[in-house]
Amino acid sequence: MSDMTPDFDFVILADRAEAINGKLYMMGGGWESVGLRRPGDAAAFTIAVGIGVPWLATNVEHKLDLRLEDADGQTLTALGVSFTAGRPATVPQGVSQRLIFALPVQLAFPAAGAYVIACTLGERERRVPFQVAIAPAAPMPPLGTLS
């Protein structure tokens, strides 16, 4: 990390996550595959992002861009977040800070296959690949066997 450029500490896909008072609370984090009932269904999950901000990059607006890409690199959806890290009086001069974001999303996937969450911060990029699978339909029990 240069003195003027924020950088990624981590990007994690999770079933659910919250960022509260500089801490990340996560359930079901770190997965690399998600199952859907049928193509076109949406999956709800959270993208947890930690960003290291050097002292000289505080009090400056930065932009975090996130994209969902398919296996061909085509962007299916995108969102952007602007942020500024301040300089709290309790932080000694020259000390970097970590900002944590928990970004809940609900994204529809047109088909099973490989996808990527691509996160861009200035010229830096972090890519998190994952798979979408269509779950097989549960077989129906023979007639007359249900009670």
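Conditions (1) over 23 Å from Pro92 (Cβ atoms); (2) of a type in the set (Val, Ile, Thr); (3) crowded, with 17+ Cβ neighbours inside 10 Å, marked per residue:
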| site | (1), (2), (3) |
| --- | --- |
| Lys23 | no, no, no |
| Leu36 | yes, no, yes |
| Ile47 | yes, yes, yes |
| His62 | no, no, yes |
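For segment 75-94, indicate whether the set of residues that are touching a Gly at 6+ places or on another chain (Cβ under 8 Å) and closer than 30 Å to Pro6 by Cβ is non-empty. So that I can check it myself, show each step before the final result.
Taking segment 75-94 and keeping what is touching a Gly at 6+ places or on another chain (Cβ under 8 Å), we get none.
No.
Taking Ile47, is it within 21 Å of Ala108 (Cβ to Cβ) and modelled with pLDDT of 95 or more?
Details: within 21 Å of Ala108 (Cβ to Cβ): yes; modelled with pLDDT of 95 or more: yes.
So Ile47 passes the test.
Scan Gly35, Gly22, Gly28 and give me the residue that is at pLDDT below 95 and under 18 Å from Phe130 (Cβ atoms).
Working: Gly22 fails: under 18 Å from Phe130 (Cβ atoms); Gly28 fails: at pLDDT below 95.
Criteria check complete, one pass: Gly35.
Out of Gly94, Gly122, Gly86, Gly113, which single residue is over 21 Å from Gly29 (Cβ atoms) and touching a helix residue (DSSP H, G or I) at 6+ places or on another chain (Cβ under 7 Å)? Don't jump to the end; show me each part of the working.
Details: Gly122 fails: touching a helix residue (DSSP H, G or I) at 6+ places or on another chain (Cβ under 7 Å); Gly86 fails: touching a helix residue (DSSP H, G or I) at 6+ places or on another chain (Cβ under 7 Å); Gly113 fails: touching a helix residue (DSSP H, G or I) at 6+ places or on another chain (Cβ under 7 Å).
Matching residue, one of Gly94, Gly122, Gly86, Gly113: Gly94.
The values are calculated or read from the model by the stated rules, or taken from the named source; none is laboratory data. Keep in mind that what you see is a predicted model, and the values were worked out from it rather than measured. Virtual Cβ from ideal backbone geometry, glycine too; neighbours counted across all protein chains shown.
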